[in-house]
Each structure stands twice: as structure tokens, then as C-alpha cells.
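Take a look at the structure set out below.
The values are calculated or read from the model by the stated rules, or taken from the named source; none is laboratory data. For clarity, every value in this text was computed on a predicted model and none was experimentally measured. As a convention, Cβ positions derive from the backbone with ideal geometry for all residues, glycine included, and neighbour counts pool all protein chains shown. Side chains are part of the model used for accessible areas, which takes the heavy atoms of the whole protein and leaves out ligands, DNA and RNA. Shrake-Rupley method; radii C 1.70, N 1.55, O 1.52, S 1.80 Å.
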Amino acid sequence: MPPKKKVLVTGASGLIGGLVIKHLGQKYDLSALNRRPVKGIPCVQADVADLKAIRPAFKGVHTVLHLSAATHGFIDDWDEQIRVTAVGTVNVLRAAQEAGVKRVVFMSTGSTMCGYEWYEGSPYGALARGEYDRAMAMAPNAAGTTPAGDNRPWQLLSHRDPPRPDSPYGAAKVFGEAAGRWFSDKYGMSVLCIRLGAVLDTNKPKLIRHLPGWLDQMDAVRMVEACIDAPESLKFDIFDAISDNSTRWRDISHAEKIIGWKPQAASDQFNPEELRAAAGAGQAKKVGPPLPRWRKL
Amino acid sequence: MTTKVLVTGASGLIGSAVWRNLSDWPDRYALTGFDLRAPEGAAGPAHGKTSPSPSPSPAGRGLAATHTRALALAGRGNVITGNVDDFEAVRGAVEGQDAVVHLGANGGPVDPSATPEQAQWQRILNSNIIGTYNVFEAARQAGVKRVIFASTGQVTWNYEQEPPLAQVIEGKYPGQPGGYRKIEHTWPVRPSGLYAASKVWGEALGRYYSDVHGISVLCIRFSAVNRPDTPLHPTANINPGDVDAPVGRSFSIWTSQRDAAQLVRLCLDAPPSLKFDTFYSGSDNRWGVRDTEHARKVLGYEPEDSAEDHRAAPAGGTMSASPRRGRAQHAT
């Protein structure tokens, strides 16, 4: 049996980190780069904002799974997005490149695109609000390309469409992808970006707007696995990771074509009416960034 | 009606060209510069005269003393010296402006012990990442209606390292122009380095500030504007350790200074309903690789210069030098 791949996980103490340790901990030789200690795997304790401090964690590593970012409570905090999400990502890419790491799997986000929900007349906004009849009736938007065989009336958007971040967090991830693209082009280091959908701690949508972009936890784990295992010749790509929700508006066919990832779950199993009631009960405040005025939920 | 325009990086190469161009319409644009230095080409500072500092920020804090040396410039406008990484300085400068032309980039002091790469990253972080955020956020707070953000053609640079565009920029031209597809602003980015990646950040911020805060943000991906103002000059690659690109590349991507300035002016004059867009600059180059049709269609951009006019010009011929100032100086 070949030795297990050495995989360094940044931000391993988060939700995705926990899922990866639980489900892929046997398959790979995992270690962590984290501010707090991480249970069950060796950990270098350092802040990704500090390049010098994080360097030792990259020694002998084959693949870096870069999850660390300013998330909960910091989605709209420009200072933290610059310090952690943007600068931290450059530091991780730099430390990886210096250490001869073969691949960085960069956890990006659907927030790089969710600004498309915000223009008036957008079918994506109608879908986010749960106005499905309205979304169905809307003329397809000029942007985007819908793959053959897809019968959704709205056009699906992909990583080939211009990004439209919905938050400072999304903007910092757009930058991270761009930096990754350069590290790949310049140094030949493979950088694969995952635009992660809405993965939730309970594995269930909490708001009606989670339905189009919902991503089942195991679908997320399989996406991470597919990226780590992808052939080394794959030097750069961006994959939209969303379960096969009938209300989704981002194209997931690219990941299937390139790395054979196909979601096994769909948010269709959840009842939108229950979520509508939940949103009415004030849950909107708990999840996600504040919404612009015209985006009523 | 006079549009009040703040130009950051006013003393830089493009800033100076823009300053000269816009200064020719004193009744249309009231210029204020924001720069580490005073702009070249502008009249020198009035002797010993310091204009009053701009309005203080809403927080009630005035500008730091080093940033209050607003210099009167022969009736053309003021230049406030300051660094875009200083939010309070930027906030004061944008107060009362209708539009901001944000050209300031890649500047400021760095740690003297830094390697060239580290020094470059410090500059990028301070002026392009933090500084650009400061400009957008200050513009939002001040109610500025439009920000023209200077991006760079280098955000899609690496498409030009691969066929078919690599052949074109090396001067191995196909039979006729148009035998290849030019890079369009909607394509996924392929930056030339962290400098260009930081411009992707600025464009993403622009998109966000436009969507969420209603500011009109127009991004210009400037291409190969150079000081001698000719395509006979190699295109500098801004990344340390990289050699300058061959002269041939300039024939594909050169933008004369006045064409660059024209594009800025058209962005200033565009209707307020234009909330977000991205344009490549470029003169009317026969072997162009970056699309300028979009600017023509949306803004009416009509470049006055062409790289081919400079090719193999006879020694002492009339075609070798591009006039520094075009029709702008004849306008009334």
C-alpha cells in the first residue's frame, strides 16, 4: 500500500475541518495549522496572518487544504477579511510554494457569486426569496450558459462568469482565487478552488435562501476528496460545489466533467413552507450577512 | 455643471496624463489631487500658500498635520499630499467630491530590510488592498456618486503567454487582424502577479460597492501606458524578478497617454445609470489582443493613436513622435 498523502488542513477547527477529520482522517495523513489546538491530529498553532509563524507547518506536506478564513461574525468585517482571508491566503500559498507543496485546495465560497441575487428582475433573487413561480416565469438572463440537457428556465452561472461577491468575505475569496491562479501559472503548483455552497452544522437549510445553494455535508466531503485525489496534471480550476437542488442556479457540471464529482443529495427533500415560517420567526438575523434593502426575505 | 473630481495618484504617469487632459476643461471638472507628491505637469505649488484642509471626517477628526498641506495649483485644483493607506486622509480628501478617479497604487514607504518581493507585497498590501478599500469606503461615507478604478490589463496577462495570443504579442502575426479572439473583460482572470491579483480585489470591491451601496464603479484595465508615450518601448512587467516583455508586445497593447486620458474622461461623463462596468484601455492597435470594442460601444471610446503609426518610422520622420497633447488643448 502506498503511504498516505500528507495533507495539511488550515482552519481545521471549523465545520468543514471537523467533517474532513471525521470522514477523511483514515485516508490521509492529516495535520493542522490552527490558532487553537485541534483534537486528534498534530497541530502547528499559528495565525495564517503571520507568514513566518506558519512556515514550519508546511514541511514535507503534499497537499494543503486551506479552509481558514474570517467567517462567523466577520463576514462583513473588512479588516478581518483583509487580514485573515486575503493576506492569510497569500501567506498560505507562499508558504506552500516555498515548501514545494504539490497542491493547494482552496476553500472559496458561493459568496463570490451571490451578488447576482441582488439586481432587480434577477431570477436568482426570486429563487433566494422562495418565489419559485416568479423565477419560472422570468425570461432567462443574458448572462451565463446552461449546459445541454438542463431544463431549468433560468440560465445557470458558472466560474466562467464574472464574480459578483455578496460580502467583504466574498470579495476576499475572489482575491484568493486570483492569487491562487497566479501561484499556479507562475510556479506550477496546482491550485484547486472550491466554491462551497451552504453547508450547515445541522446539515439542514435554516432559511429559504439556503435551498438553491445548499450543500450536503457528505457531498462537501466528497468534493474535498475529489480535489485532493485529482491528477497532478490538473494545475488550476474552480469548482462549484452545490447539491443537486432543483432551485440551484449555479452550474455544477464542470466538477463532474473534470474530477468526476456528482452530488448525491438535493435540497428538494426539505419543505420550503417550513423554512418560510422559520424565517418569519426571526431566524434571518442569525445566519448570513445583513441584506441590502431591496433583498427582502 | 462642474464635476468635482478627486484624482488619487495624480502625480503618477497616468495621473499626470489625466490631470493635463481634464485641466483643459476648467468649467467642466474641478480637480483635486491626492498623492504622495504633487503632480508633474501641473503648475508648482503657490509659494508658501496652503489652502485650508478639506472638511473633517464625520467622526470629527481633522486630518493629520502631514496630510493637510493642500497646495493651491495655479487655479487648477488642489493637491492633497497623503497616502491612500491612511483612511482619515482619504476620507477628508473625498468629502464633497462628485467622483473619484482612483489611480494611486503600489506606492508608499516599505521596510528597508525587505527583499524586493517582500517590499513589493508590502506596497501592494498597503496601497492596493488596504488603500483601495479606503477609497471605496470613504467614497461611500462621503456620498460620492462614481468611482473610476484603475485596474490593469495584467489581470488577464497569462492568456497572452499561450497560443494563439502568445504568437501575436511576439510579433508573429497571422495574415489578417481578427484571425484570433481578443481577451474580453468577462473572461476569468489570469493575473501576472500579486499586483494584478490586488487589482482583481479592487474590481471585486467595486462590484460590491456598486451592488450594495449604489455607487457607480467603472473599472479601467490600463494597458501599457508608458512615459516615452510610444509602443517602441518595452512593456514593463511590474513583478520583481520578471524581465521586461519584448517591444513586440507593446504593439499589441500600447495605450497612448491621451487615449488613456480620454477613457477616464468618458467614464466621468458616462450617464449615472451606468452602475458597473469594466473596460480595457488600448490605442487603435492593428494587432491588439485586448478587447477595446466594449469601451467603444458603451462609452464611445475613439482612440486617437495607433501603434502601427510608430512602426519603422523613418528617422526624423513625422510619425515617430506622438504629440503629448491632442485635441484636448484646442477645446474651449
### Query
Here are A:GLY110, A:GLY100, A:GLY73: which of them is at pLDDT 95 or above, surrounded by fewer than 18 Cβ atoms within 10 Å (Cβ to Cβ) and not charged (D, E, K, R)?
A:GLY100
#### Entry: Members of segment B:150-166 found to be among the aromatic types (Phe, Trp, Tyr) and away from chain A (no Cβ under 13 Å), listed by number
none
### Query
Which of the residues spanning segment B:135-156 are surrounded by fewer than 24 Cβ atoms within 10 Å (Cβ to Cβ) and in a helix (DSSP H, G or I)?
B:GLU137, B:ARG140, B:GLN141, B:ALA142
### Query
Listed residues A:TYR132, A:TYR124; which is buried (at least 24 other Cβ atoms within 10 Å of the Cβ), modelled with pLDDT under 95 and under 30 Å from A:PRO153 (Cα atoms)?
A:TYR124
### Unmet criterion (only one of (1) at positive phi; (2) at pLDDT 95 or above; (3) open to solvent by 40 Å² or more (accessible area, probe 1.4 Å)) for A:LYS4
(1)
### Query
Does A:ASP166 meet the test of being part of a loop (DSSP other than H, G, I, E, B), within 15 Å of the chain's Cα centre (by Cα), modelled with pLDDT of 80 or more and within 11 Å of chain B (Cβ to nearest Cβ)?
yes
### Task
Give A:VAL44, A:VAL20 a once-over and let me know the one that is assigned to a helix (DSSP H, G or I), of a type in the set (A, V, I, L, M, F, W, C) and at pLDDT 95 or above.
A:VAL20
### Message
Can you tell me which residue is farthest from the other protein chains (Cβ to nearest Cβ) among those in segment A:54-84 that are among the polar types (S, T, N, Q) and closer than 20 Å to A:VAL38 by Cα?
### Response
A:THR63
### Query
In this structure, does B:TRP187 turn out to be in contact (Cβ under 8 Å) with a residue 40 or more places away in the chain, open to solvent by 30 Å² or more (accessible area, probe 1.4 Å) and facing chain A (nearest Cβ under 9 Å)?
no
### Summary
By residue number, the members of segment A:181-219 that are basic (Lys, Arg), within 29 Å of B:SER198 (Cβ to Cβ) and surrounded by fewer than 23 Cβ atoms within 10 Å (Cβ to Cβ) are A:LYS186
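Return the residues of segment B:255-285 that are in a loop (DSSP other than H, G, I, E, B) and surrounded by 24 or more Cβ atoms within 10 Å (Cβ to Cβ); say none if nothing qualifies.
Scanning segment B:255-285 gives B:THR255, B:SER256, B:SER281, B:GLY282, B:SER283, B:ASN285.
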### Hey, A:GLY73 assigned to a loop (DSSP other than H, G, I, E, B), without any contact (Cβ under 8 Å) to a residue 40 or more places away in the chain and on the phi > 0 side of the Ramachandran plot or not
yes
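Quick grid of which residues meet (1) touching a residue at least 60 places away in the same chain (Cβ under 8 Å); (2) aromatic (Phe, Trp, Tyr); (3) within 11 Å of chain B (Cβ to nearest Cβ); (4) not in a loop (DSSP other than H, G, I, E, B):
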site: A:TRP154; (1), (2), (3), (4): yes, yes, no, no
site: A:PRO162; (1), (2), (3), (4): no, no, yes, no
site: A:GLY170; (1), (2), (3), (4): yes, no, yes, yes
site: A:LYS173; (1), (2), (3), (4): yes, no, yes, yes
site: A:LEU192; (1), (2), (3), (4): yes, no, no, yes
site: A:ASP201; (1), (2), (3), (4): yes, no, no, no
### Message
Anything in segment B:212-231 that is open to solvent by 20 Å² or more (accessible area, probe 1.4 Å) and either at the interface with chain A (Cβ under 7 Å from one of its Cβ atoms) or farther than 24 Å from B:GLU293 by Cα (or both)? List them, or say none.
### Response
B:VAL212, B:HIS213, B:GLY214, B:ARG227, B:PRO228
### Query
For residues in segment A:175-190 being among the hydrophobic types (A, V, I, L, M, F, W, C) and part of a helix (DSSP H, G or I), which is farthest from the other protein chains (Cβ to nearest Cβ)?
A:PHE183
